[in-house]
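Read the figures in this text as sums done on the coordinates, not as results from a lab. Here the structure is a predicted model, which is why all the values come from computation and not from measurement. All Cβ positions, even for glycine, are placed from backbone atoms using ideal geometry, and neighbour counts span all protein chains on display.
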Amino acid sequence: MEHPILFISLILQSLGMPVPHGPVGDTLLAKLVSPHMTYTWLVMLFLIIVPKLTLGKMSLVPGKGQNFWEVVIGGLEGFMADNMGKEGARMMFPMLATFALYILVANMIGLMPGFMSPTSNLNITLACTLIVFFTTHILGIKFHGIGYIKHFLGPIPWLIPLMLPIELISHFARILSLSIRLFGNIMAKETLLGILFMLAGAYFAPLPILCLGVFVSIVQALVFLLLSILYFSAAMEHAH
Amino acid sequence: MADNRKDTLRLLAQFSTVGMSVAFSIFIGVGIGYYLDHKVFDGRTSPWLTLIFLGFGVAAAFKNLYDMASRKDL
């Protein structure tokens, strides 16, 4: 384990829960209290409670907290509207904004000692990616009906036996590249930080990597958001 | 070439996928071929389906590259 001290795991362990020592446990309970699950719940709680506390009462003239959240939500919606049009942005906004905020907070939380990024586990990123993948194809079928299959057939009829496997393979490659990019970046950040803390933590050796970690967290959250937007808009537009 | 920063960010995100999609396309092609050879047909067709699907994977990788290279909005 690259994280020697995870305070939720320590608390659960002192309560007698079978916290696994590897990444994933054996029994259902051990799976439920494994670190990436508990820290996912922590991030969820954070995202539910902190806006509740900071928003207060919504008013026409926004206070400090409301102003901040209006900038965040407005910025996200503008970013989506730039890339997939107004209607598409309004339709997909709840899901994509959830992904963006969740991944951003989940990446950043690993920079604090005692916490870990849930996204440094492949299962979490793969789950996010599979949701995006299936939503892409559901959107395609919703917008084009059975004609969605034209997206997979290419422009020339006699090339269909060649194009169909090619298109299917490149769609499956999307799952892998989207999930492994996020997982790999965050895992690398976490491992590097852990090793540097262990080797020379007293001499502020992890400090430059912490700064880089903030950058990587923001960039990876943005890239995940942007690529899912691009996949959605590609599924919604007509085949060419 | 894109002139403002938002477009640059969008293009960077898209083109950063090129390398990984090439690698994963080839691996997925080989994986499907291997699965068909050894699990579906019990090794009777080995190694031909693996080789054929390796070809499909490489073709998918190069089609991705070609699509990226022949974009109109650059």
Calculate how steeply helix A:160-200 sits against the longest principal axis of the alpha-carbon atoms of chain A, using the helix alpha-carbon long axis, and give the answer as 0 to 90 degrees to the nearest 10.
10
Sorted from fewest to most neighbouring beta carbons within 10 Å, what does the list A:L42, A:L96 look like?
A:L42, A:L96
Going by a ≥ b ≥ c, the root eigenvalues of the Cα gyration tensor, does the protein assembly as shown fall in the rounded group (a/c under 1.5), the prolate group (a/b larger than b/c) or the oblate group?
oblate
Find how many whole Å separate the alpha carbon centroid of the range A:136-180 from the alpha carbon centroid of the range B:6-74.
13
Ranked highest first by average number of other Cβ atoms within 10 Å, how do A:189-195, A:103-109, B:56-62, A:58-64 line up?
A:103-109, B:56-62, A:189-195, A:58-64
By the gyration tensor of its Cα atoms, with a ≥ b ≥ c the square roots of the eigenvalues, what is the shape of chain B: rounded for a/c under 1.5, prolate for a/b over b/c, or oblate?
prolate
Under the Karplus relation 6.51 cos²θ - 1.76 cosθ + 1.60, θ = phi - 60°, what is the ordered set of whole-Hz ³J(HN,Hα) values for the range B:23-39, x standing for Gly and Pro?
4, 5, 4, 5, 5, 5, x, 4, x, 5, x, 5, 4, 5, 4, 9, 9
Would you mind giving the mean number of other chain beta-carbons within 10 Å of the Cβ of each residue in B:29-40, as a whole number?
1
Table column - 3J(HN,Hα) (Hz), the range A:214-219, Karplus curve with 6.51, -1.76, 1.60, x for Gly and Pro:
4, 4, 4, 4, 5, 5
Could you name the lysines in cross-link range of B:K72, using Cα to Cα under 20 Å and dropping any fewer than eight places away on the same chain?
B:K6, B:K63
To the nearest 10 degrees, how steep is helix A:122-144 against the longest Cα principal axis of chain A, on a 0 to 90 scale?
20
Indicate the gyration tensor shape class of the range A:1-139 (rounded, prolate or oblate), computed on the Cα atoms with a ≥ b ≥ c the square roots of the eigenvalues: a/c under 1.5 is rounded; otherwise a/b larger than b/c is prolate and the rest oblate.
oblate
Rounded to 10°, Cα long-axis angle of helix A:86-109 versus longest principal axis of chain A:
30
